[in-house]
Structures are given as C-alpha cells and as structure tokens.
Amino acid sequence: MKKASREGKVLRMILAVVVGMVLMPAGCIDEDAGDIDPALIYDATFSLPVGDTLLRADQFVDTLRLRPVPDTVDPDTVDWFLYDGTFYFSPGLLYHHAETELSLAELITDTSEIVALMFRLNAVNSVPARMGLQLYFADASRRIFDSLYPDGPLILEPAPTDADGGVRDAYRLWEKDVYLEGDRLDRMQDLAWVFEEYFLEVPDPSRDSIPFWPDQELWLQLGMRVGIKILLQ
C-alpha cells in the first residue's frame, strides 16, 4: 500500500510555508542591514500534527486467518474468544498493520538543520483488552533502522469493564512524549517510511465470555515537534 498520507502532505505544506516566512525577512536583512552580522542563527520549534488513527476492534479480526469454533468442539477445551456473537480460536495476539510514506528531507531542504525531534502520542482505548503500539522507521529501501519505542511496544491498558464484561469507561493516555537525540536523530535523515504495528492481546479465554464488539475503538493522535537551527545569510 504505497501511498503518501494526507497528513504527511499537509505537514510538508505547513513547514514549507513557515520556513518560507522565516527566510523572506532574512533576504531583506542581508540587503538593508548594513553592518549587521549576516551570520545570524534562527532557532525555531514547530509543533505539527501527523494525524489521527481510529481502529475498530473488528479491524483486528481477520476471519480468513481465524477459524470459528465448530459446534462440535467444547469451548472449555480450546483457547477461544467471543467476537460479535461468534466464537473463534484464539491466536493470543491479533495484529493490525499500516504504513505511511514520510520523509524529513521533503519537510526541510537541509535536514542537518534539525536539532530536536519529539513525537507526542495521545490515546483512548475503549476495547476491553490490552493494546500494543510500535512505530518503525524505515529508509527508501524499506529497511527498518529504528523504532519509536526501542525498549518494546507501548502498552495501552484495557478499558475497564463491569461485572458482566461490558465496557463502562475508556483507558486514556495523554502526552506520551519520546525525544530523539544523538545518533537516533541523525539516522532520521534517512526516514522515508513509517510502519505502524498494533496488536490486541486476547484476555484469558477461560472466562465464560470475552465480548468484543465492532463499536469498540482505539483512538490515537500523533504529533511531531521539530526544532531547527537556520543560518540566516
């Protein structure tokens, strides 16, 4: 699914406009400043939205991979879960993958001017199961060179449920920040693709029922803060 995301295009347009606004006064300074030192450094930090993701619980259920539990099988003897009125054999983890084409080199001509990079995540999980999230950074050859969470996936706790297993609230995670520095920041100059991997951890199948319904959702909002240092000359 090789396509540039709408959010990536918007991000590039915003930064191009902002950088253009910064450089236009610099030309006037060089022309009229007289004895002002032209080697001025402009520091700026831009907070830009990357995009929102809304995953329904049923996006994790691939009926081509998962097999319904036959009527002749006792659910007590197999790992299973109940989804939208149907019992399925449980693989333990259900996955969802997505990818976005995004290059910092398209956001700013000289990526060496990027001196700080931070990703911020907000999330709301209304699915009664633990969710995991990992973002992988890849180059133009689609080779992965880093991940957003190098110590392992970010875990979102399950939505709290009532005594009958129904969702009564949502688990919320606000302003989960990751700063890329040093070698990790330098490697981002090769960024061309972002691969998203989500997994849903199926709860204990020994329960009488594990209700997942299509209206249960995982909402994610990802933003990026870029710090740049520009030599005005």
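What the table below lists for this structure:
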quantity: Number of positions in segment 132-164 that are closer than 19 Å to Leu93 by Cβ and of a type in the set (Phe, Trp, Tyr); calculated: 2
quantity: Segment 137-180 - residue that is touching a residue at least 60 places away in the same chain (Cβ under 8 Å) and surrounded by fewer than 17 Cβ atoms within 10 Å (Cβ to Cβ) and, of those, farthest from Leu220 (Cα to Cα); calculated: Tyr179
quantity: In segment 110-136, the residues that are of a type outside the set (Gly, Ala, Ser) and under 11 Å from the mean Cα position of the chain (by Cα); calculated: Phe119, Arg120, Leu121, Asn122, Leu133, Gln134, Leu135, Tyr136
quantity: Subset of segment 139-190 [in contact with a helix residue (DSSP H, G or I) (Cβ under 7 Å, 6 or more places away or on another chain) and not acidic (Asp, Glu)]; calculated: Phe145, Leu180, Met188, Gln189
quantity: Whichever residue in segment 189-217 is of a type in the set (A, V, I, L, M, F, W, C) and modelled with pLDDT under 85 and, among such residues, is surrounded by the most Cβ atoms within 10 Å (Cβ to Cβ); calculated: Leu200
quantity: Number of positions in segment 138-170 that are outside any loop (DSSP other than H, G, I, E, B) and in contact with a Ser or Thr (Cβ under 8 Å, 6 or more places away or on another chain); calculated: 1
quantity: Among (1) under 19 Å from Arg56 (Cβ atoms); (2) at pLDDT 85 or above, the one test that Leu93 misses; calculated: (2)
quantity: Conditions (1) touching a helix residue (DSSP H, G or I) at 6+ places or on another chain (Cβ under 9 Å); (2) of a type outside the set (A, V, I, L, M, F, W, C); (3) in a strand (DSSP E or B): number failed by Arg120; calculated: (1)
quantity: Candidate set: segment 96-106, residues that are among the hydrophobic types (A, V, I, L, M, F, W, C) and surrounded by fewer than 18 Cβ atoms within 10 Å (Cβ to Cβ); chosen: the one modelled with the highest pLDDT; calculated: Ala98
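A quick yes/no check of all residues on (1) closer than 30 Å to Ala57 by Cα; (2) at pLDDT 90 or above; (3) out of contact with any Leu (no Cβ under 8 Å at 6 or more places or on another chain); (4) of a type in the set (A, V, I, L, M):
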| residue | (1), (2), (3), (4) |
| --- | --- |
| Ile108 | no, no, no, yes |
| Arg120 | yes, yes, no, no |
| Ala129 | yes, no, no, yes |
| Leu133 | yes, yes, no, yes |
| Ala163 | yes, no, yes, yes |
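The values are calculated or read from the model by the stated rules, or taken from the named source; none is laboratory data. All values derive from a computational prediction rather than experimental measurement. Here the Cβ is made from the backbone with ideal geometry for all residues, glycine too, and neighbour counts use every protein chain on show.
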